[in-house]
Each structure stands twice: as C-alpha cells, then as structure tokens.
Amino acid sequence: MRVLEQLAKIFAILAGVLLTGITLMTCLSLIGRNTTGATIVGDFELTGVAAGAAIAMFMPYCQIRRGNIIVDFFTSGLSKAANDRLDRLGALLLALAFALLAWRTTLGGMNAYDTQSTTMMMGFPEWVVYVAMVPPFILATLIGLHQSVFGFGNTEAHV
C-alpha cells in the first residue's frame, strides 16, 4: 500500500503544480487584457484541459485518504464490523467506477488521437489530456481494490 500511497501523492503534487501554472497563466492573461489589451489566446482552453487532467490526478489521493463523501445516517447504529464491510463494498464499487472511467477514457483518447482532434482556438491535441487522465484512474482503481480486500488499516475518513 505504501507504493500506491506514494504514487497517489506524486499525482496530487503534479495536479497542484498544473493548477498553479494554469492560475499564473490566467493571471498573466488577465493583467495583459486589462493593461495592454494583449491576452494569451486560448487561455480558457488550456484552463479547461488542465482542470480536467488535475481532477483526475487528485482522485487516487482522495481515495487513499478516504476523502469521498460518506453518508452514514442509516448505518451509524450498525456495528463496527458491519460498517467495515459496507466501507469495503463502497471501496469496491468505487474501484469498479474508476476502472470504467479508465477504460472509457482510454478509448476516448485513442479516438481523439486517431481523428487528430484538437481544441478550437489553439489546436491543442485533445488526446494528451486523455493520456494524463488514464494512469490516475488506474491507480485509483488499484487503491480501491486494495481497500476492498485488505480494509483501510489506520486510515481514517477525512470528511
């Protein structure tokens, strides 16, 4: 699990760096637009593709930290063992959802590559975003599977 946790942290750091870069680019574009009239063409396109990739990159860390919303209104009266089984089932269902996302994102990326699909203003190749999203989805799948089989250990829900 340590390897999975380290990979999740690396993806989260990359996502943070990506969002920081996009934030700085947006600030420069706004300053240029409001002072000299010059702007970065396609800044909104880059913001969109970067945000999509960053969200995917944060998912493994969210899963490993149990940062997803847990609604325990109906299960708060159950035993710890019953709640543990339900949490493991939830982790399995999330792993299946991430596996589905990884599969469909892979197919979408292959299609974007085959058709040479690009963004409208900048002509940024869309397949690059798909490539950035698939590994974190696979990692989140593996983390969810590990949690469903071996439990959560010392990790506590952070909600």
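Determine whether segment 64-78 contains at least one residue that is assigned to a helix (DSSP H, G or I) and buried (at least 17 other Cβ atoms within 10 Å of the Cβ). Spell out the reasoning first.
Initially, segment 64-78 is screened for residues assigned to a helix (DSSP H, G or I), giving 64.
Within this subset, residues satisfying the condition of being buried (at least 17 other Cβ atoms within 10 Å of the Cβ) are 64.
Yes, segment 64-78 contains a residue that is assigned to a helix (DSSP H, G or I) and buried (at least 17 other Cβ atoms within 10 Å of the Cβ).
Which of the residues spanning segment 111-147 are assigned to a loop (DSSP other than H, G, I, E, B) and farther than 30 Å from L93 by Cβ? Can you show your working first?
Step one: of segment 111-147, the residues assigned to a loop (DSSP other than H, G, I, E, B) are 116-117, 119-124, 126.
Across segment 111-147, the qualifying residues are Q116, S117, T119, M120, M121, M122, G123, F124.
Restricted to segment 6-41, and to residues that are touching a residue at least 40 places away in the same chain (Cβ under 8 Å) and surrounded by fewer than 16 Cβ atoms within 10 Å (Cβ to Cβ), which residue is nearest to the chain's Cα centre (by Cα)?
So the first thing to find is which residues in segment 6-41 are touching a residue at least 40 places away in the same chain (Cβ under 8 Å), and the list is 7-9, 11-12, 14-15, 41.
In the following step, the residues that additionally are surrounded by fewer than 16 Cβ atoms within 10 Å (Cβ to Cβ) were identified as 9, 41.
Details: K9: 12, V41: 26 Å.
Per the stated criteria, the residue is K9.
Is one or more of the residues making up segment 102-109 within 30 Å of V3 (Cα to Cα), of a type in the set (D, E, K, R), assigned to a helix (DSSP H, G or I) and within 15 Å of the chain's Cα centre (by Cα)?
Checked segment 102-109: at least one residue is within 30 Å of V3 (Cα to Cα), of a type in the set (D, E, K, R), assigned to a helix (DSSP H, G or I) and within 15 Å of the chain's Cα centre (by Cα).
Restricting to segment 40-60, count the residues that are of a type in the set (V, I, T), modelled with pLDDT of 90 or more and touching a Ser or Thr at 6+ places or on another chain (Cβ under 9 Å).
Counting residues in segment 40-60 that are of a type in the set (V, I, T), modelled with pLDDT of 90 or more and touching a Ser or Thr at 6+ places or on another chain (Cβ under 9 Å) gives 2.
So L96 passes all but one of these: (1) outside any loop (DSSP other than H, G, I, E, B); (2) surrounded by 15 or more Cβ atoms within 10 Å (Cβ to Cβ). Which condition number does it fail?
Only one criterion in (1) outside any loop (DSSP other than H, G, I, E, B); (2) surrounded by 15 or more Cβ atoms within 10 Å (Cβ to Cβ) is unmet by L96, namely (2).
Without any contact (Cβ under 8 Å) to a residue 24 or more places away in the chain, in a helix (DSSP H, G or I) and not acidic (D, E), is that true of L89?
no
The values are calculated or read from the model by the stated rules, or taken from the named source; none is laboratory data. Keep in mind that what you see is a predicted model, and the values were worked out from it rather than measured. Cβ: placed from backbone, ideal geometry, glycine included. Neighbour counts: every protein chain shown.
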